[in-house]
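> If you scroll down you'll find the structure; I have some questions about it.
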Amino acid sequence: MRELSEMLEDAKANPPAPRYTVDDVVVAGRRLRARRRATWSGLAAAAAAAVVAVAGVITVPRLVGATPSAGPPEVTAAAPVTAGKTDPLRYPKSPWEYAFRGYRAGEFTVNDPYLVTADFQQATVRIGDDVDEIYTDDTKKTVARSEPARNLLLTVYRPGRYDPKQFAGGEPVSVGGKPGLFQADTQIEGDRSPIGGHRGLAWQYATNGWAVLNTLIPDEAGRAGKANLVAVAAGLSGSAAYPATVAMKLREVPPGYRLDAGGRGPDPWNGGNAEGYRSSIRLVKGAASAGRLISSMTDKDDGYVKDIRINLSTYEPKRLPPDGADPAAPYCNTGNAALCYRNLPGGKYTVEIIGSGDTSPEELTQILAAIQVADVDKPATWFPLATATP
């Protein structure tokens, strides 16, 4: 293990380019802080106070009883768990295929997985009919849309890739006869909030194969208690492997970079900001480490990873090209040349690219210009992730 002082010296000597401007960081911080403070049923006053400014809209969790809209593509309806269903989950050999489908366990709905990497795949979990309301501005008078809430995150790791050290002090539990560990407060990667209540459960779905359930916002209402998490975990079963898909196809990839992750939503390195994101691809440079992961937010080596992250999201008015520029041409953030955008025809969606390694603004905009985009609103037209990069 390297000493912390050595890592700090290395970072000081060769710091990576900043990914966002100060304004971007402030917006993201407000969004994260508000979601951490959000509460569930029975705490309406606190939930109503948790507002989030994000690109001209405000996101507030709404409580049970609301009628949601269809929601983003990454949220799909799940069939109820079949009584007595015991199909074992067998992880696919291909790193770009999903291993399970969505299901229900009591009032918990586990959606179809939306993101896959070579080491894990993830699905969001909704409690009851909770929704997130997206407001047009901070007056909270006009609702732009409603989206199914993301209360928990299910991460299923490839056998041999997860180290459950974060659950070392957890309470032993049995999940369908298989060993597991429950913790009343598990600090998830990327969350620095002092508020507790991030309940978590890790269990072995197969020999040396681990899955983890984490609450994405503090469980102050107590609905994600031990018994409920165990019940959700017990409902996880395998399905025939099926391909992950993305809304973008890359025609160019810089030398040395390889596909690392992709799916129907934000990548897991996006700081937990899920609102508005529809599809993502992540490229990394360098060989993967043989070391085990302790979190889905932890990169697979001990140093700084050079990556390129491409996200397709709903259009944000603040992302305007420079005056006089071609509105359809890619352009870079004026305060951060490593963050570039391309607004798609129709004004509904934007593709952003974030470079954190050795790529120039010219290379990033060249990649953006060459990206082929499917019909975002028709997932059946999307591309298999396995063929989405050259």
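> Multiply the residue separation of Asp358 and Ala184 by 0.36 nm, subtract the distance between their alpha-carbon atoms, and state the gained length in nm to one decimal. It would help to have the intermediate numbers written out before the result.
On the way: separation 174, 0.36 × 174 = 62.64 nm, distance 4.14 nm.
Roughly 58.5 nm would be gained on extension.
> Computed FRET efficiency, Cβ-Cβ of Ala231 and Ala370, R0 56 Å: what is it to the nearest 0.05? Walk me through the numbers before you get to the answer.
Working: r = 47 Å, r/R0 = 0.84.
Once the sixth-power term is evaluated, E becomes 0.75.
> Once the Cβ-Cβ distance between Glu107 and Ala206 is put in as r, and R0 is 25 Å, what FRET efficiency do you end up with, to the nearest 0.05?
Working: r = 27 Å, r/R0 = 1.08.
Working from the Cβ atoms, E equals 0.40.
> Please give me the summed charge of the neighbours of Pro384: other residues whose Cβ is under 12 Å from its Cβ, Lys and Arg +1, Asp and Glu -1. Each step should come with its number before you reach the end.
Details: positive: Lys249; negative: Glu97.
For residues surrounding Pro384, the net value is 0.
> Counting only the backbone N, which residues of the range 237-269 are under 15 Å from the spot 7 Å out from the Cα of Thr387 toward its beta-carbon?
From the range 237-269, the list is 243-251.
> Mind checking the range 89-137 for trypsin sites (Lys or Arg not before Pro) that DSSP puts in a loop (not H, G, I, E or B) and that have at most 11 other Cβ atoms within 10 Å?
Numbers: sites: Arg90, Lys93, Arg101, Arg104, Arg126; in loops: Arg90, Lys93, Arg101.
Those that pass, being in a loop and sparsely packed, are Lys93.
> Could you give the nm distance between label points at Arg251 and Arg90, where each point is 7 Å from its Cα heading toward the beta carbon?
For Arg251 paired with Arg90, the spin-label model returns 4.0 nm.
> Which of the trypsin sites (Lys or Arg not before Pro) found in the range 219-258 are in a DSSP loop and have at most 14 neighbouring Cβ atoms, other than their own, within 10 Å?
Working: sites: Arg223, Lys226, Lys249, Arg251, Arg258; in loops: Arg223, Arg251.
Sparse-neighbourhood loop trypsin sites (Lys or Arg not before Pro): Arg251.
Laboratory data are not the source of any read-out in this text; all were calculated from the coordinates shown. Worth saying up front: this structure is predicted, and the values here are computed from it rather than measured. Note that each Cβ is placed from the backbone with ideal geometry, even for glycine, and that neighbours are counted across all protein chains shown.
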